[in-house]
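Undergrad: Encoded as structure tokens, here's the structure I'll be asking about.
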Amino acid sequence: MWAHLRRQGIGVARCTVERLMRAHGWRGVTRARRIRTTVPDPAHGRAPDLVNRDFGAERPGQLHVADFTHVPLDGSPAGYTAFVAGAYAGLIAGWECSLSKETAFVERAIRQAAALRARQGHPIGGRAIHHSDAGSQYTSVRFAETLMLAGLTGSVGTVGL
């Protein structure tokens, strides 16, 4: 508030502004801390980038693209939603919400996408690719096993490294 008043050309002592704000129970607006969802782990080996920023697909089920994002929640520090989208039609085939960024919640989104494709009569298989960023959730050994069981080949993007 003191800086704002100074910019407006109003000369006032900082301690006066602090005293008035304290007396009235006012607090200044603070910028929220940015939530970082992608935290690469350089110690983990990772899949090669099979997509090279070409997100086009010639047939359904050929390429799945995944990511997760922070969702602000009232009364909770963080929530996250993971998505798996088919690149051919942009269909969100699997999604999962969680209060933690653990690998299990992105794995559930993969299993959901695989189950949807199987119910539609087009099970994932062959040379299907699952592409994601380099976050530690997507480079873990456990996640690689989930991809293998779903019939997907892992691909991890290299942009921003």
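No lab work stands behind these numbers, since they all come straight from the coordinates. These numbers were taken from a predicted model, which means no experiment stands behind them. Positions of Cβ are generated from backbone atoms using ideal geometry, with glycine treated the same way; all protein chains shown enter the neighbour counts.
Undergrad: Using the crude model of +1 on Lys and Arg Cβ and -1 on Asp and Glu Cβ, and no other charge, please compute the dipole size for segment 63-156 relative to its Cα centre, in debye to 20.
TA: 340 debye
Undergrad: May I ask you to compute the full-extension gain from E145 to A115, defined as 0.36 nm times their residue separation minus their alpha-carbon distance, rounded to one decimal in nm?
TA: Difference between extended and current length: 9.2 nm.
Undergrad: For L50 and W2, what does the FRET efficiency come to when R0 = 41 Å and r is the distance between their Cβ atoms, rounded to the nearest 0.05? Show your work: numbers first, answer last.
TA: Details: r = 54 Å, r/R0 = 1.33.
Efficiency, rounded to the nearest 0.05: 0.15.
Undergrad: Counting only DSSP beta bridges with both residues in the chain, tell me the antiparallel percent, nearest 5.
TA: 70 percent
Undergrad: In addition: Estimate the FRET efficiency between T158 and E58 by the formula 1/(1 + (r/R0)^6), using the beta-carbon distance for r and 30 Å for R0, to the nearest 0.05.
TA: According to the calculation, E is roughly 0.85.
Undergrad: Taking R0 as 35 Å, what FRET efficiency do you get between I10 and D74 from their Cβ-Cβ distance, rounded to the nearest 0.05?
TA: So the FRET efficiency works out to roughly 0.50.
Undergrad: Something else about it: For the chain, max minus min Cα coordinate along each principal axis, in Å, sorted largest first?
TA: Sorted largest first, the three principal extents are 71, 31, 31 Å.
Undergrad: Please name whichever of W2, H70, F105 sits farthest to the positive end of the charge dipole of the chain, dipole taken about the Cα centre and charges placed at Cβ: Lys and Arg +1, Asp and Glu -1.
TA: Result: W2, furthest along the dipole toward the positive end.
Undergrad: Report, to one decimal in Å, the Kirkwood hydrodynamic radius for segment 68-132 based on all distinct Cα pairs.
TA: It is 12.7 Å.
Undergrad: Using a simple charge model, +1 on the beta-carbon of Lys and Arg, -1 on the beta-carbon of Asp and Glu, nothing else, what dipole does the chain show about its Cα centre, in debye to the nearest 20?
TA: The calculated dipole for the chain is roughly 860 debye.
Undergrad: Which cross-chain or sequence-distant (5 or more) residues have an amide H under 5 Å from the amide H of L91, H modelled 1.01 Å from N in plane?
TA: G86
Undergrad: Fewest first, what order do I124, I10, I129, I92 take by the number of other Cβ atoms within 10 Å?
TA: Least crowded to most crowded, the residues run I10, I92, I129, I124.
Undergrad: List the longest stretch of the chain that has no exposed loop site; here a site is one of the GluC sites (Glu not before Pro) assigned by DSSP to anything other than H, G, I, E or B, with at most 14 other Cβ within 10 Å.
TA: With a cap of 14 other Cβ atoms within 10 Å, the longest stretch comes to 103-161.
Undergrad: Then there's this: Compute the relative contact order of the chain as a whole-number percentage, counting only Cα pairs closer than 8 Å that sit 6 or more residues apart in sequence.
TA: Relative contact order comes out at 23 percent.
Undergrad: Angle, helix 103-119 long axis vs. longest principal axis of the chain, Cα atoms, 0 to 90°, nearest 10?
TA: Approximately 40 degrees, to the nearest ten.
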